[in-house]
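Derivation of every value follows stated rules applied to the coordinates shown; laboratory data play no part. Predicted, not measured: the structure shown is a model, and the values here were computed from it. Reconstructed Cβ throughout: ideal geometry from the backbone, glycine too, with neighbour counts over all protein chains shown.
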Amino acid sequence: MGVIGKILGAGAAARGVGEAVGGVAEVFVGNRAAREAMAGTLATAAVEQFGAEFARAGGSRFDGFVNGLNRLPRPLLALSTLGLFVYAMAEPAGFSTRMQGLQLVPEPLWWLLGAVVSFYFGARELHHQRTRAALVLPRAAAGLVAPSPVTALETEPDPAPAPRPVPLATLTVGAADRDHNAAVEEWRRLRA
């Protein structure tokens, strides 16, 4: 190809036209290497942020004690439930007496116990849902989620074709179910 270009004398001109077309195309499509570099930078920043959050900053003994207490309720509930089965087999008379005592507890007190346990575990789940939102940052870097406004200001987003509208029912199911796969749902919808 180099010999033919020299014979025709169009090598430099063709190279110049190619670079110009590449520059114009980059304006509309964007630079893939720059996008991937930005994605890597954002992912690295997210990992460093998580590392900084989980680094121990010389907590006191009291902090360690409170952290230990916060981790106790779930294992204690699970192990005590298993312990009830062992207790029922080891001493049926004592187990029967205690279960009769539980029947004497008034119903409003059971509702109160249910509310306390529900709010404890509900608040814990809400906390985990909020911290999972921080995991969206690496996905945003990969282009799977819309970038935050700060990221959009720092980098110029690549213009992309407008996405097809997704039915609202699909969005609400996907938000509630982590195992929801929009592509499979669309395939099933198209087959029907």
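Within the stretch 32-73, none of the chymotrypsin sites (Phe, Trp or Tyr not before Pro) combine a DSSP coil assignment with at most 10 other C-beta atoms in a 10 angstrom radius.
Would the stretch 32-75 count as rounded, prolate or oblate if I go by the C-alpha gyration tensor, calling it rounded below 1.5 in a/c and otherwise prolate when a/b exceeds b/c, oblate otherwise?
Cα axes put the stretch 32-75 in the oblate bin.
For the pair Met99 and Leu79 in one chain, pulling the backbone fully straight at 0.36 nm per residue adds 5.4 nm over the alpha carbon distance.
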